[in-house]
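Structure, as structure tokens:
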Amino acid sequence: MLNLLKTIRHAIASWWSEFTLQTKLLAVATMVVSLVMSGLTFWAVNTIQQDARINDTRFGRDLGLLLAANVAPLIADNNLTEVAQFSQRFYSSTSSVRYMLYADENGEIFFGIPFWEAEVENSLTIKRRIQLPEDYPGDGEKPMVRQHMTPDGTVTDVFIPLIVNKKYLGVLAIGINPNQTAVISTNFTRDVTIAVFITIWVMVILAGVINALTITKPIKELLVGVKQIATGNFKQRIDLPLGGELGELILSFNEMGERLERYEEQNIEELTAEKAKLETLVSTIADGAVLIDNNMQVILVNPTAERIFGWEAANVVGCNVLHHLPASVQIEITRPLYEMAAGECESAEFRIFINQPTPRTIRILLTTVLNLQRESIKGIAITIQDITREVELNDAKSQFISNVSHELRTPLFNIKTYIETLHDYGEDLALQERQEFLQTVNHETDRLTRLVND
């Protein structure tokens with residue numbers, strides 16, 4: 001049983017959670033209005049029923065006192081025949097009296113109309129003895145009134161003591177039928193209460209259905225269309241045959257979609273043309289160029305870079321550039337790339353020797369690419385320059401200078417040595433020695449001239 005209750009509670013909670021806030025508020029408001037209207041109608045029913053009981057009580061008391069005043073003297077004279085005739089005429093002349101019972105001071109019934117009916121016998125008599133209420137005063141002078149339910153409605157029981165000359169002769173019990181007007185009004189009010197409650201809910205449900213068909217559905221269609229437009233699907237259209245303001249709104253939405261679609265097509269054509277120009281320009285650059293985003297994904301690469309890194313057979317666009325670079329290059333630029341992507345630096349330069357696919361020396365320049373407002377980094381541009389020939393030329397130049405300096409140094413040294421000797425010891429030297437020194441200087445000068453000419 002507990003599991004069943006939990007299952008029902010969970011099902012109701014799930015069903016209730018699927019409704020929107022607007023639907024929940026509408027349901028709560030409808031319930032409140034229904035309860036208020038039902039409460040007011042219930043109060044009206046109770047008021048009518050109470051008034052009917054009060055009127056029945058007053059009518060029964062007055063009718064009982066009138067009848068008792070007429071039959072009490074006859075009972076005192078023991079004229080039971082006249083009592084029966086009078087009671088019969090009184091019972092036949094009014095439809096308000098359900099029964100009439102006469103009992104003596106001991107409670108024994110000596111006459112009743114219609115005494116033989118089972119309803120009277122079962123409800124008021126036990127072995128032809130009247131069943132008086134427990135709080136009946138007995139020989140009191142005031143009548144007592146009570147009400148009890150029967151299959152035909154509420155019956156008012158009136159017990160009037162029969163007293164003549166202050167002598168208690170017995171009791172007269174009269175049953176008064178319910179007021180038909182009050183009964184009809186009560187039933188009508190009850191039916192109206194139920195009808196009001198049901199009508200409120202029916203009207204709310206119909207209003208919800210009409211709202212869903214005429215307003216909610218177009219609004220939902222518009223919401224879906226706006227979401228599609230927001231995601232870039234400018235082909236979205238709404239086809240609902242509606243008039244009025246909603247129809248104008250849907251028409252405006254479709255026109256907006258058409259304009260956005262045309263604008264997108266124009267932008268795509270312009271962007272395609274600009275991209276073609278950019279790719280053509282990049283492809284004609286002698287240096288290698290690679291453009292990557294902040295996640296190290298390759299966006300653009302020109303043929304020179306593909307040739308330097310051997311990417312001709314591999315499609316590296318959309319891949320992580322670090323996975324395709326030579327090991328020596330990857331080791332050098334990995335950390336600077338991440339620092340630039342994080343905005344810690346704007347540029348960097350490296351000179352790296354690579355063995356694959358061809359041994360060469362390259363210079364790599366890293367530069368950040370900023371947005372139009374120069375507030376955020378959109379990517380990183382990698383420029384690759386092949387400086388292999390430049391390095392070779394520098395090496396050749398250095399070697400040439402080293403060789404030339406070595407070749408020039410020897411004749412210059414010899415010339416300087418002989419000239420200094422002649423300058424310092426020329427007078428002490430023989431003529432033949434001075435001529436040999438001068439001949440050697442002349443020979444070294446010719447040799448130096450030949451080297452310079454070479």
**Study point:** Those residues of the stretch 359-375 which are open to solvent by 50 Å² or more (accessible area, probe 1.4 Å) and farther than 22 Å from ILE285 by Cα, in sequence order
**Key:** LEU372, GLN373, ARG374, GLU375
Point to revise | Close pairs from the stretch 39-57: first among the small types (Gly, Ala, Ser) and part of a helix (DSSP H, G or I), partner modelled with pLDDT under 70 and open to solvent by less than 50 Å² (accessible area, probe 1.4 Å), Cβ under 6 Å, at least 6 apart | key: ALA44/THR189; ALA52/ALA182
Review point. Hey, ILE331 hits all of (1) under 21 Å from ASP287 (Cβ atoms); (2) among the aliphatic types (A, V, I, L, M); (3) surrounded by fewer than 16 Cβ atoms within 10 Å (Cβ to Cβ) but one; which does it fall short on?
Key: (1)
Check your understanding: Mind checking whether some residue in the stretch 229-236 is open to solvent by 70 Å² or more (accessible area, probe 1.4 Å), modelled with pLDDT under 75 and either of a type in the set (Val, Ile, Thr) or on the phi < 0 side of the Ramachandran plot (or both)?
Key -> yes
Review point. Can you tell me which residues in the stretch 247-267 are farther than 15 Å from LYS235 by Cα and more than 32 Å from the chain's Cα centre (by Cα)?
Key: ASN267
Review point. Identify, please: which residue in the stretch 420-442 is open to solvent by less than 60 Å² (accessible area, probe 1.4 Å) and hydrophobic (A, V, I, L, M, F, W, C) and is, among those, nearest to HIS406 (Cα to Cα)?
Key: VAL441
Exercise for review: Name the single residue, out of those in the stretch 334-346 being over 42 Å from the mean Cα position of the chain (by Cα) and at pLDDT 85 or above, that is surrounded by the fewest Cβ atoms within 10 Å (Cβ to Cβ).
Suggested key: ARG335
Review point. Pick from VAL317, VAL298, VAL329: which is in a strand (DSSP E or B) and hydrophobic (A, V, I, L, M, F, W, C)?
Key: VAL298
Exercise for review: Read through the list (1) surrounded by 16 or more Cβ atoms within 10 Å (Cβ to Cβ); (2) at pLDDT 65 or above; (3) within 53 Å of the chain's Cα centre (by Cα), then give the number of the only condition that ALA207 fails.
Suggested key: (1)
Review point. Quick one: would you say THR445 is surrounded by 13 or more Cβ atoms within 10 Å (Cβ to Cβ), under 18 Å from VAL329 (Cα atoms) and either among the polar types (S, T, N, Q) or out of contact with any strand residue (DSSP E or B) (no Cβ under 6 Å at 6 or more places or on another chain) (or both)?
Key: no
Exercise for review: Examine the stretch 340-360 for a residue that is of a type outside the set (Gly, Ala, Ser), under 26 Å from ASN295 (Cα atoms) and in a helix (DSSP H, G or I), and state whether such a residue exists.
Suggested key: yes
Check your understanding: Just wondering, is there one or more residues in the stretch 126-149 that are surrounded by 18 or more Cβ atoms within 10 Å (Cβ to Cβ), over 25 Å from GLN50 (Cα atoms), among the β-branched types (Val, Ile, Thr) and at pLDDT below 80?
Key -> yes
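The values are calculated or read from the model by the stated rules, or taken from the named source; none is laboratory data. Computed from a predicted structure; not experimentally measured. Here the Cβ is made from the backbone with ideal geometry for all residues, glycine too, and neighbour counts use every protein chain on show. Areas reflect the complete protein model, heavy atoms only, side chains present, ligands, DNA and RNA absent. Shrake-Rupley method; radii C 1.70, N 1.55, O 1.52, S 1.80 Å.
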